[in-house]
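Asker: One structure, as structure tokens, below. Some questions next.
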Amino acid sequence: MDNRPIGFLDSGVGGLTVVREFMRQLPHEEVIFVGDQARAPYGPRPAEQIRAYTWKMVNFLLTKNVKMIVLACNTATSVVWEEVKNSLEIPVLGVILPGASAAIKSTLTGKVGVIGTQMTISSDIYRKKIQHLSPKTDVLSLPCPKFVPLVESNEMTSSLAKKVVYQTLLPFKEKVDTLVLGCTHYPLLKPIIQHAMGAHVKLIDSGAETARDISVLLNYFEINCSRDHFERTHQFYTTASPAAFKEIADNWLGQDIRVEHVKL
């Protein structure tokens, strides 16, 4: 048993989609989350900046004595996951491989769509992972640079969000049967994305898939929390406004959380 917390990092609030599913599946585990809202979105940034900012969050989480780190950000995973994983002695999980594996299991036609930030799509990492595991699967990729700002500004249900999502996803209409939400912000737009794509298209939430993999790794390394007499104190940090972060987080997680500002 290991009662240390698990660290999650993201460019902003999107990683909360991973945390929500994680808390649902493993309610006895403790969470420390840091979101770099002050620098979001990461997608348009050069790789070196993303690498530097991600390492700042990793080092912050290490000061909290975490037993595992989850890069709950597709952009950070595509740029620096391998490096972080190979540099630390604790397990480090990204969100891309779980999402890629789930897409392969889901598709019936062998036609998979991937949406993500400019950096994630430019890295071509989803297509590489999917076709490495399933060479015959066709993968269509589409950057959606306007989606993250919609989420970060809490516009997920606005008429603007509907218009942007519908227009952006038009190239995928009737071309795929499975769509990977290749950014952890995108599940916050899931109802609109589903409506735009049609009920017949299966949406893959890479964050939810990642939560299942966390459980597997906890068991494999035998570092689960004990279930008795342990007080869980989840901690949430943001590099921007705690009030703005808390508004989205309380609504999404369905509970009143405490958010602190951190300068990285």
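Asker: Would you be able to say whether some residue in the range 5-13 is under 25 Å from Gln255 (Cα atoms), touching a Phe, Trp or Tyr at 6+ places or on another chain (Cβ under 7 Å) and open to solvent by 10 Å² or more (accessible area, probe 1.4 Å)?
Answerer: no
Asker: Would the range 212-231 turn up any residue that is surrounded by 14 or more Cβ atoms within 10 Å (Cβ to Cβ), over 21 Å from Gln118 (Cβ atoms) and without any contact (Cβ under 8 Å) to a residue 40 or more places away in the chain?
Answerer: Taking every residue of the range 212-231 in turn, none turns out to be surrounded by 14 or more Cβ atoms within 10 Å (Cβ to Cβ), over 21 Å from Gln118 (Cβ atoms) and without any contact (Cβ under 8 Å) to a residue 40 or more places away in the chain.
Asker: Looking at Pro145, is it in a loop (DSSP other than H, G, I, E, B), touching a residue at least 24 places away in the same chain (Cβ under 8 Å) and open to solvent by 30 Å² or more (accessible area, probe 1.4 Å)?
Answerer: Working: in a loop (DSSP other than H, G, I, E, B): yes; touching a residue at least 24 places away in the same chain (Cβ under 8 Å): yes; open to solvent by 30 Å² or more (accessible area, probe 1.4 Å): yes.
For Pro145, the condition - in a loop (DSSP other than H, G, I, E, B), touching a residue at least 24 places away in the same chain (Cβ under 8 Å) and open to solvent by 30 Å² or more (accessible area, probe 1.4 Å) - is met.
Asker: Next up: Where in the range 48-141 are the helices (runs of 4 or more DSSP H), entirely inside, with at least 3 residues that are farther than 30 Å from Lys263 by Cβ, within 17 Å of the chain's Cα centre (by Cα) and not charged (D, E, K, R)?
Answerer: Ranges flagged: 96-106.
Asker: Out of the range 158-191, which residues are closer than 22 Å to Phe245 by Cα and aliphatic (A, V, I, L, M)?
Answerer: Scanning the range 158-191 gives Leu160, Ala161, Leu181, Leu188, Leu189.
Asker: On to the next question. Of the residues Val114, Val139, which is surrounded by 15 or more Cβ atoms within 10 Å (Cβ to Cβ) and either modelled with pLDDT under 95 or closer than 22 Å to Thr17 by Cα (or both)?
Answerer: From the options Val114, Val139, the qualifying one is Val114.
The values are calculated or read from the model by the stated rules, or taken from the named source; none is laboratory data. Quick caveat, the model's predicted, so the values are computed rather than measured. No Cβ is skipped: glycine too gets one built from the backbone with ideal geometry, and neighbour counts run over all protein chains shown. Ligands, DNA and RNA are stripped out before the accessible areas are found, and what is left, the full protein with its side chains, is counted by its heavy atoms. Shrake-Rupley method; radii C 1.70, N 1.55, O 1.52, S 1.80 Å.
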